[in-house]
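Trainee: Below: one structure in C-alpha cells.
The values are calculated or read from the model by the stated rules, or taken from the named source; none is laboratory data. Treat the numbers as computed from the prediction; the structure is a model and nothing was measured. Cβ placement follows ideal geometry from the backbone for every residue including glycine, while neighbour counts extend to all protein chains displayed.
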Amino acid sequence: MFDSLLIANRGEIGCRVIRTCRRLDVRTIAVYSDADANARHVREADSAIRIGPAPVRDSYLDAQRILQAAIESGAQAIHPGYGFLSEKLELIDACTAAGITFIGPHRDAIARMGSKIESKRIARAAGVSCVPGYDGDDQGDERLHDEALRIGFPLLIKASAGGGGKGMKRVDSADTFAARLIAARGEALASFADDRVLLERYVERPRHVEVQLLGDRHGGLVHLFERECSIQRNYQKVIEEAPANHLSDAVRGRLFDAALQLGRAIGYDSTGTVEFVLDADRGDEPFFLEMNTRLQVEHPVTELTTGIDLVEQQIRSALGERLAFTQATITRHGWAIEARINAEVPAEDFRASFGPITGYDEPVASGLRIDSGIDAKSTVTPHYDSMLAKVIASGATRAVARERLLAGLQRLRIEGIETNQALLGAIVGNAAFDAVLTTRFLADTFVGGWRSDPDHVDERDGAAAAAWFFARAGRAASDRPLDALTGFRLTTPAGRRALSTVLVERDEVSRTIAVESFGPCRVDCHVDGTAHRFEGDRDLVTTAHRRYRAVHHDDAVELWSDGVWSRSEVTSAVSATRGDDRTGDGGDRIVADLPGVVTQVLVTTDQVVTAGMPVIVVEAMKLFHTLVAPRDGMIATIRAVVGATVDRGAVLVELTSVGD
C-alpha cells in the first residue's frame, strides 16, 4: 500500500478519498486554492499545500502546480477524483515523468475515450451499438449541415471533448441549425479548448443507464451492475439509483455485455463507467453514449448495493494488485438511491446561491450515508461546481430506500445558503418516480418549472413574522410589569388580544402580516386571510408539528425547516418606509440576476444595441449566464469588469436612448 497520496481535487470527492485512505492508513495531502484555504477537505487531510488563486485554470487545472505539490510533500501517488484533471493527459504525463503513480486507467484508455468521436468509432468496432448520427473528421459548416439534414430533426449537437452538458445543443429545425452550431462550438472551445462536434439523432424519451466497470493491470475485468441516472437537468444528473427500475433482464444483459466488450477493446484497468442511452419508445433499445474513465459522482449507490469500496479498488489497481473477486463472486443486494445537494434556488430558474455556511448538521440513521464537502466552517464560492453534498439511502427494497432518502433530505441541515433539497424531496416523493424514468422527468412532472407549495411559502413567511415578534418580546423582558406586555393596546380596546403588523420581505417580495399574540410563546400570524399558529421562541412549532429553527440578526430572520433554509427581512409596519430606491430599472440598467464572476463584456461604451442583444456573460458555479439588453439604446456606462465577483442585483451596464 502507498504511504502517502495527494488528492488533486476538492470538496465532496476530496473528503470521500480521505475517508478511504484513513481506513487504509495512507497519509493524505490536500491541495487548495485561495478560495479554499479553510475548506473541509483541507482541514480533514493530514497536510495541505496551496496551489494558486481561485480560478481553476490557475489552481486545480494546473497540472504542473499539482505535480510540484506532490513532489514537495513526498506523495507517492496522485488521486484525481472526478472533474478537473481526472481525464486530462497532462497530469498523467507529468506523473510519469516524475515517477509518481497516477490513480486511474492507463493513458491510452483515457486518450481514446476522451473524444466522443473516437470513442464511438471504437465502440462500433467492438460491436457496440451507437446512436445514429455523424462523427466524421470533416468539421466544415457545409458538411455538418448536410449531415444534419440526413439525420433529421430534432437532433443533438455535442462537443467531442464535452461533458456535463457543456457544448450540447438541441436543434429542432434546419433553420436554427447554423446558430445552434455556433453556440455549441463557442461553448465547447471555452470549456474544453476543442470546438469539434458530433451530431446525433435526438431520442425523444431517453433513459440514461450506465454500467460500472472495474479492471486490474493483469487483464482482469468485471462489471458491478448498472445504475439509472435518467433524472437530469440541463444534461446534469440529479438523482441516481441502483439497480435501474423497470429494466428487463434481457436489456440488462445486453448492457453488461456491451460494457465488457468495450472495456476489453481498450484493455481497461481501473474503475470506469460505460454510459448508455435507452430509447423508451423502442423497447429500451440501448445505444452507447460515452465512457467516463474515472470515478463517477454516483459511485456510492454501487458501493452500497455490492459492498465494494470503489476508491479502494482504484488504489489497489494502481498498485498493480489483481482483482480480489471474479464476476461470479460479485453479488448485489437491496436498493440504493442518491440525491445531489446543490447550492441553487430551483424556484428561481436554479439561481446560484453562495456565501458562508452558518449552520450544518448531518443526520445519522440506519441506511443513510452523507458524502459532503462542507461543514459549519465552510464558505461556498461562485468559483466551483454547485454540488455540496450527496444524500444516499439504501434498504432491502426501493420503497425502503426511498423513505430513508426523503427523511435524510429533510433532516440534513444546511444554513446560510439555499439548496435544492425541497425539489429533490418533491422528485422522490412524486408518484411519477415509480414509473419508467426518462430524462424528460422534470419537464413532464413539473410543467413550467418546480415551485414551492404556496401553503408552505405562506407558513414560512408567517414563521418569520412570529420569530421576529418573539425576539422583540424577549428583548423587552425585565422586572417592570409593563415590559412584560406582548403588544400595544393604544388602538385596541381592553379585553382583546394584542395585534402587531409587520412587513416580511424575502426574495424581493414583501407582504404584510398581522401577528396576534396569545401570550409570551403563542401567536397567530395572519397571511392572506389564513391564520398560522406558532408556539415556542427560538424553535417554533406549528399545529401540524412542523418545526422551524430560527436565528435572528437585527431585523433579519433566518429559518430552517425540513431541509429548507431562508432569510427574510422583517420590520414593523409602523416604522417601515418605501423609498424610491425600490423602484424598477425601467429598462435603463442591466443588473446581475444572480451572483457570480464576470467572464465577458461583449459591448463598449457608446455602442448602439438592440433589445435581446448579448451584453454581459456571468459565470456562477461552472455555468455561464448571458445578460441581454432590455431594449434598444446606447451603452452609457459599463460598470462590469472581467474577473470581478458581483452580487445579485449589482448594476453592470447603464443604457441611454440614442441621441440623448
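Trainee: For the range 151-173, give me each residue that is over 14 Å from Y202 (Cβ atoms) and either at pLDDT 95 or above or assigned to a strand (DSSP E or B) (or both).
Mentor: Filtering the range 151-173 down to residues over 14 Å from Y202 (Cβ atoms) leaves 159-167.
Listed by number, the list holds a single entry, A159.
Trainee: From the residues in the range 123-145 that are hydrophobic (A, V, I, L, M, F, W, C) and in a helix (DSSP H, G or I), which one is surrounded by the most Cβ atoms within 10 Å (Cβ to Cβ)? Outline the logic, then answer.
Mentor: Start the filter on the range 123-145 by keeping residues that are hydrophobic (A, V, I, L, M, F, W, C), which leaves 123, 125-126, 128, 130-131, 144.
Filter once more, so that each one left must be in a helix (DSSP H, G or I): 123, 125, 144.
Values: A123: 23, A125: 11, L144: 21.
Among residues in the range 123-145 that are hydrophobic (A, V, I, L, M, F, W, C) and in a helix (DSSP H, G or I), the one surrounded by the most Cβ atoms within 10 Å (Cβ to Cβ) is A123.
Trainee: Quick one: in the range 261-284, of everything that is buried (at least 21 other Cβ atoms within 10 Å of the Cβ) and among the hydrophobic types (A, V, I, L, M, F, W, C), which residue is nearest to R332 (Cα to Cα)? Reasoning before the result, please.
Mentor: To start, the set of residues in the range 261-284 that are buried (at least 21 other Cβ atoms within 10 Å of the Cβ) comprises 262-263, 266, 268-274, 276-278, 284.
So of that shortlist, the ones also among the hydrophobic types (A, V, I, L, M, F, W, C) come out as 262, 266, 274, 276-278.
Numbers: L262: 23, I266: 26, V274: 19, F276: 21, V277: 23, L278: 22 Å.
Selected residue: V274.
Trainee: If you scan the range 371-387, which residues turn out to be in a strand (DSSP E or B) and over 20 Å from V311 (Cα atoms)? Let's see the steps before the verdict.
Mentor: Looking only at the range 371-387, we keep the residues that are in a strand (DSSP E or B), and these are 371-372, 379-380, 387.
Within the range 371-387, T379, V380 qualify.
Trainee: A further question on this structure: Hey, can you tell me all the residues within the range 1-34 that are more than 18 Å from S372 (Cβ to Cβ) and small (G, A, S)?
Mentor: So the first thing to find is which residues in the range 1-34 are more than 18 Å from S372 (Cβ to Cβ), and the list is 1-6, 8, 24-27, 29, 31, 33-34.
Those that are more than 18 Å from S372 (Cβ to Cβ) and small (G, A, S): S4, A8, S33.
Trainee: Look through P363, P382 and report the one residue that is in contact (Cβ under 8 Å) with a residue 40 or more places away in the chain and within 14 Å of the chain's Cα centre (by Cα).
Mentor: On the way: P363 fails: within 14 Å of the chain's Cα centre (by Cα).
The unique qualifying residue is P382.
Trainee: Please tell me if Y235 is hydroxyl-bearing (S, T, Y) and surrounded by fewer than 22 Cβ atoms within 10 Å (Cβ to Cβ).
Mentor: Numbers: hydroxyl-bearing (S, T, Y): yes; surrounded by fewer than 22 Cβ atoms within 10 Å (Cβ to Cβ): yes.
Yes: the conditions hold for Y235.
Trainee: Of the residues L304, L255, L289, which is modelled with pLDDT under 95, crowded, with 21+ Cβ neighbours inside 10 Å and out of contact with any Leu (no Cβ under 8 Å at 6 or more places or on another chain)?
Mentor: After ruling out the rest, the residue left standing is L289.
Trainee: Which residue is surrounded by the most Cβ atoms within 10 Å (Cβ to Cβ), if the candidates are limited to the range 51-60 and must be on the phi < 0 side of the Ramachandran plot and out of contact with any Phe, Trp or Tyr (no Cβ under 6 Å at 6 or more places or on another chain)?
Mentor: So the first thing to find is which residues in the range 51-60 are on the phi < 0 side of the Ramachandran plot, and the list is 51, 53-60.
With the extra rule that they be out of contact with any Phe, Trp or Tyr (no Cβ under 6 Å at 6 or more places or on another chain), the set shrinks to 51, 53-59.
Details: I51: 21, P53: 13, A54: 17, P55: 16, V56: 20, R57: 9, D58: 14, S59: 23.
Within the range 51-60, the match that is surrounded by the most Cβ atoms within 10 Å (Cβ to Cβ) is S59.
Trainee: Something else now. What are the residues in the range 78-93 that are small (G, A, S) and surrounded by fewer than 22 Cβ atoms within 10 Å (Cβ to Cβ), if any? Let's see the steps before the verdict.
Mentor: If we filter the range 78-93 for residues that are small (G, A, S), which is where we start, we get 81, 83, 86.
Result: S86, single match.
Trainee: Do the conditions hold for R332, that is, is it at pLDDT 95 or above and in contact with a Phe, Trp or Tyr (Cβ under 6 Å, 6 or more places away or on another chain)? Show your work before the answer.
Mentor: Values: at pLDDT 95 or above: yes; in contact with a Phe, Trp or Tyr (Cβ under 6 Å, 6 or more places away or on another chain): yes.
Answer is yes for this residue.
Trainee: Any chance you could count how many residues in the range 600-623 are surrounded by 17 or more Cβ atoms within 10 Å (Cβ to Cβ) and under 24 Å from the mean Cα position of the chain (by Cα)?
Mentor: Residues meeting the conditions: 8.
Trainee: Within the set of pairs 6+ apart or on separate chains, which have a first residue in the range 13-41 that is more than 18 Å from E312 (Cβ to Cβ) and in the same structural domain as R65 (by TED's automatic domain parsing), a second that is in a helix (DSSP H, G or I) and β-branched (V, I, T), and C-beta atoms under 7 Å apart?
Mentor: Qualifying pairs under 7 Å: A30/V42; V31/I66; Y32/V42; D36/V42; H41/I18.
Trainee: Then there's this: Cβ-Cβ under 7 Å, sequence separation 6+ or interchain: first residue in the range 588-599 and under 16 Å from V642 (Cβ atoms), partner part of a strand (DSSP E or B) and polar (S, T, N, Q). Which pairs?
Mentor: Pairs found: V597/T645.
Trainee: Of the residues P382, P363, P356, only one is in contact with a Ser or Thr (Cβ under 6 Å, 6 or more places away or on another chain) and not charged (D, E, K, R); which? Give the derivation first.
Mentor: On the way: P382 fails: in contact with a Ser or Thr (Cβ under 6 Å, 6 or more places away or on another chain); P363 fails: in contact with a Ser or Thr (Cβ under 6 Å, 6 or more places away or on another chain).
Every option except P356 fails the conditions.
Trainee: Pick out, from the range 585-660, the strands (runs of 3 or more DSSP E) lying fully within it that include 2 or more residues that are polar (S, T, N, Q). Break it down into steps so the answer makes sense when it comes.
Mentor: On the way: elements: 589-591, 596-601, 614-620, 623-628, 633-638, 651-656.
Answer list for the range 585-660: 596-601.
Trainee: Can I ask one more? Please go through (1) surrounded by fewer than 21 Cβ atoms within 10 Å (Cβ to Cβ); (2) closer than 26 Å to E619 by Cα; (3) in contact with a strand residue (DSSP E or B) (Cβ under 7 Å, 6 or more places away or on another chain) for D349 and return the number of the only condition it doesn't satisfy.
Mentor: Result: D349 fails condition (3) only.
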